[in-house]
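The values are calculated or read from the model by the stated rules, or taken from the named source; none is laboratory data. These figures come from a predicted structure and were not determined experimentally. Virtual Cβ from ideal backbone geometry, glycine too; neighbours counted across all protein chains shown. For the accessible areas, the whole protein counts, side chains as well, though only heavy atoms, and no ligand, DNA or RNA atoms are used. Shrake-Rupley method; radii C 1.70, N 1.55, O 1.52, S 1.80 Å.
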Amino acid sequence: MEHWGNLDINSDGHLMLGGCDALDLAAQFGTPLYVMEEDVIRDICRRYMRAMKEYKGGGRVLFAGKAMMTTAMCKLVQSEGLGLDVVSGGELYVAMNAGFDLGNVFFHGNNKTDADLKMAVKAGVGRIVIDSMAEIVRLANIAAEAGRVQEVSVRIKPGIEAHTHEYIQTGQVDSKFGFGIDDGHGLRAIKAILGQPSLKLIGIHCHIGSQIFELQPFRDAVDVMLDYMLAVKEETGYMMSEIDFGGGYGIHYTKDDDPLRPHQYVQTMMDELTKRCEAKGIDCPAFVIEPGRSIAGEAGTTLYTVGDIKAIPDVRTYVSVDGSMADNPRPALYQAVYTCALAGKMDQPDEMTVSIAGRACESGDMLVWDAKLPKAEAGDVLAVFSTGAYNYSMASNYNKLRHPAVVLVKDGKAELMVKRQTYDDLIRNDVVPSWL
Ligand SMILES: Cc1ncc(COP(=O)(O)O)c(C=O)c1O
């Protein structure tokens with residue numbers, strides 16, 4: 001197993017997470033188990049917030065809740081001064097349950113329902129990020145009925161194709177999200193918003209994709225968005241005051257991944273924006289980012305128990321675990337690659353190449369291909385790293401597998417953030433039609 005960082009391993013050769021022995025966590029809370037390391041989350045939040053403080057125009061760091069949305073997670077990021085990006089009434093509800101400052105919440109989505117919009121306006125969210133022409137009219141009516149002037153921004157497609165998997169590429173012209181620039185759709189939307197007295201246009205938003213390692217697409221986003229803001233001013237006389245660049249900063253999943261530290265991307269973008277604003281003699285707009293993966297991803301490790309092992313001579317060895325694509329759909333969804341280790345054998349040399357199979361009834365339910373491990377045996381605890389983002393939040397009940405518990409660890413303490421689902425949870429909403 002080749003990991004990219006310094007793993008904490010105790011004198012028994014066991015993996016330590018947040019000062020807790022991974023085998024003890026597995027024994028105490030059961031497997032599969034999502035483990036989140038609080039210090040890792042806080043460290044990244046602080047790096048982002050420090051970088052933001054340096055920027056002349058001010059701004060906000062919003063945690064993209066879609067990466068890992070729980071009540072405790074909301075409380076944790078809020079305690080570090082972050083706001084929140086939500087994309088559904090459900091995510092907003094969790095934020096409300098956490099007592100989140102709703103003025104520091106931005107509501108996104110390419111097809112918000114009227115119910116979503118009503119809930120967001122009533123709650124008093126800081127921004128609604130408009131994504132379609134129809135939404136402008138629907139939202140304007142809802143805000144007017146509520147007697148509110150809702151602050152909004154507009155999602156723009158900057159036409160940047162970042163190098164990442166096509167399913168997580170979002171800034172290109174052929175995307176379901178946002179308004180185009182060259183086709184004039186963005187300008188048409190902005191003019192329509194400016195004509196609505198119940199809406200107040202604050203800024204523009206873009207999100208170019210996720211798990212991006214290069215700096216250039218982010219620099220390009222700064223240039224395109226600033227130029228666009230100025231072009232809108234030229235055309236309408238209205239100067240917006242905020243640019244929201246979304247998230248997208250890459251993280252380690254394997255030792256071959258080579259991201260910068262997350263805040264370094266942001267620093268580069270802010271420097272570029274400051275330089276360009278100074279050159280044009282204008283005030284720096286407020287700067288907003290919405291990192292998700294880079295805050296939660298590397299903080300998370302999933303623990304599984306090894307079950308049956310099937311060695312097919314001259315083909316491969318399948319090591320099955322008690323989790324599956326139901327707790328981590330990313331490998332099946334977009335061939336995501338992970339690093340794993342045997343948490344109780346961290347001091348033992350690798351001696352076999354195996355593939356980690358989930359327990360769901362799908363041949364495609366593979367969690368890791370061709371992992372190098374010490375001798376794996378039934379009962380071993382397998383740790384899969386960097387599962388803090390888009391795992392719990394993308395989990396399903398496929399095969400009626402229950403969502404694992406989520407535990408937060410820090411300084412040797414471990415407490416639940418989310419309880420494991422029970423069998424009763426699986427039938428809680430089942431009802432039987434009267435004719436059956
Ligand atoms: C609008 C928006 N903001 C932020 C994010 C978070 O991106 P990431 O987790 O890559 O930082 C996403 C992810 O899809 C998004 O769509």
Below 8 Å between Cα atoms, with a sequence gap of 6+, how large is the relative contact order for the chain in percent?
20 percent
Given +1 on the Cβ of Lys and Arg, -1 on the Cβ of Asp and Glu, and no further charges, what dipole in debye does the chain carry about its Cα centre, rounded to the nearest 20?
1300 debye
Projecting the Cα atoms of PHE287, VAL319, TYR304 onto the charge dipole of segment 276-324, where Lys and Arg contribute +1 and Asp and Glu -1 at Cβ, the residue farthest towards the positive end is PHE287
Select from TYR238, TYR338, TYR34 the residue whose mean-square fluctuation is largest in a Gaussian network model of the chain (Cα-Cα springs shorter than 10 Å).
TYR238
Antiparallel DSSP beta bridges within the chain, percent to nearest 5:
45 percent
Take every Cα-Cα distance within segment 277-427, group them into 10 Å bins from 0 onward, and report for each bin the whole-number percent of pairs it holds.
10, 35, 31, 12, 6, 5, 1
Can you give me the solvent accessible area of ASP256 with a 1.4 Å probe, rounded to the nearest 10 Å²?
120 Å²
For LYS413, which lysines qualify as cross-link partners when the Cα separation must be under 25 Å and same-chain residues fewer than eight apart are set aside?
LYS75, LYS345
Could you put LYS122, LYS280 in order of accessible surface area, largest first, with the 1.4 Å probe and the full protein assembly present?
LYS122, LYS280
May I ask you to give the average projected area over all directions of the convex hull of the Cα atoms of segment 329-371, in nm² rounded to one decimal?
3.4 nm²
Of all accessible heavy-atom area on segment 35-157, the percent that carbon and sulfur account for (1.4 Å)
50 percent
Order these peptides, 187-200, 108-121, 420-433, by their mean beta-carbon neighbour count within 10 angstrom, highest first.
108-121, 187-200, 420-433
Ignoring everything except DSSP H segments at least 4 long, calculate the 222 nm mean residue ellipticity for the chain; use -39,500 (n - 2.57) per segment, divide by total residues, nearest 500.
-9000 deg cm²/dmol
Starting from a Cα-only point model with no solvent, please compute log10 I(q)/I(0) by Debye for the chain at q = 0.13 1/Å.
-1.14
Rounded to the nearest 5, the percent of antiparallel DSSP beta bridges in segment 301-410 equals 85 percent
The convex hull of the Cα atoms of segment 200-325, divided by residue count, gives a volume in Å³ per residue of 156 Å³
Considering only the other residues whose Cβ falls under 14 Å of the Cβ of GLN28, what net charge follows from Lys and Arg at +1 and Asp and Glu at -1?
0
Would you list the P(r) distribution for segment 1-85, with all Cα-Cα distances sorted into 10 Å bins from 0 and each bin expressed as a whole %?
14, 36, 31, 15, 4, 0
Within the under-10-Å Cβ sphere about GLY18, not counting GLY18, Lys/Arg +1 and Asp/Glu -1 give a net charge of -3
Given Cβ charges of +1 for Lys and Arg and -1 for Asp and Glu, the option among ASN141, SER79, VAL232 whose Cα lies farthest towards the positive end of the dipole of the chain is ASN141
Flagged as over-length at 21 Å C-alpha distance, from LYS375/LYS400; LYS118/LYS419; LYS157/LYS191, the pairs are LYS375/LYS400; LYS118/LYS419
Long-range amide H contacts for ASP244: which residues qualify at under 5 Å (H placed 1.01 Å from N, peptide plane, sequence gap of 5 or more or a different chain)?
ILE204, HIS205, CYS206, VAL288
Sites excluded, GluC sites (Glu not before Pro) in DSSP loops with at most 12 other C-beta within 10 Å, longest stretch of the chain:
55-350
In angstroms, what radius of gyration and Dmax does segment 12-144 have, counting Cα atoms only?
18.3, 64
Backbone HN-Hα couplings from phi across segment 25-41 [Karplus 6.51/-1.76/1.60, Hz, Gly and Pro as x]
4, 4, 5, 6, 9, x, 10, x, 9, 8, 10, 10, 8, 4, 4, 5, 5
Quick check: from the Cα gyration tensor, does segment 302-345 come out rounded (a/c under 1.5), prolate or oblate?
oblate
